[in-house]
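Have a look at the structure below, then the notes.
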Amino acid sequence: IDHDPLEDYCLSLIINDATLLDTIQTQETSHEMDENSPMPMRSYLHVEYFRKIENREILAYWTRLCQKEDNNSPSIDEGLREHWDRLVSSPSTPSSSQEQLLALRDCLRRLEERYLKDLKREEELRLSGLTPEEYKMQQHTILEVNERLRHIFTG
């Protein structure tokens, strides 16, 4: 399996401490929200931010584990078992909870940034053949992605 160090590190952080995302979300929402405030961090963890299909599947599995409503723990696909075990036993996670929070914040920001830059590249290709009317219909989406990127670089 070809690995993505950023995705693997992010998954390793949340797998090894399921409370990190909730802690970040609590900290984010405890500040008074205004139009300039960032969205809560939990909203930044989207499966589409992960390029590797096996990491998307690991994230889906981890989410099912965290949301299990009965005592039956979901099973992981045998093809992913080795990757899961490697993420769980990752020695590279920071030791203090504050360092883990900072590391996860950075990972989430970098994953979103990479995803948005990929969207901008796709957008460039898609928009190059549009008529002015078609382009005008796409402006809201273009501006939304641009605003999110601006927030990443300035906030």
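The values are calculated or read from the model by the stated rules, or taken from the named source; none is laboratory data. What you see is a predicted model; the values in this text were computed from it and never measured. No Cβ is skipped: glycine too gets one built from the backbone with ideal geometry, and neighbour counts run over all protein chains shown. We work out accessible area using only protein heavy atoms, side chains counted, and drop any ligands, DNA or RNA first. Shrake-Rupley method; radii C 1.70, N 1.55, O 1.52, S 1.80 Å.
LEU116 falls short on exactly one of the conditions (1) touching a Lys or Arg at 6+ places or on another chain (Cβ under 8 Å); (2) in contact (Cβ under 8 Å) with a residue 40 or more places away in the chain, and that condition is (2).
Quick test for you: out of ARG105, ARG121, pick the one residue that is within 17 Å of the chain's Cα centre (by Cα) and open to solvent by 50 Å² or more (accessible area, probe 1.4 Å). Can you show your working first?
Details: ARG121 fails: within 17 Å of the chain's Cα centre (by Cα).
The unique qualifying residue is ARG105.
The test for being closer than 29 Å to THR63 by Cα, part of a helix (DSSP H, G or I) and of a type in the set (Asp, Glu) does not hold for GLU124.
Does SER12 satisfy the condition of being part of a helix (DSSP H, G or I) and at pLDDT below 90?
Numbers: part of a helix (DSSP H, G or I): yes; at pLDDT below 90: no.
No.
Tallying residues that are free of Cβ contacts under 8 Å to residues at least 40 places away in the same chain and open to solvent by 70 Å² or more (accessible area, probe 1.4 Å) within segment 87-102 yields 6.
The selection criterion, being modelled with pLDDT under 85 and either under 25 Å from ARG56 (Cβ atoms) or assigned to a helix (DSSP H, G or I) (or both), does not hold for LEU104.
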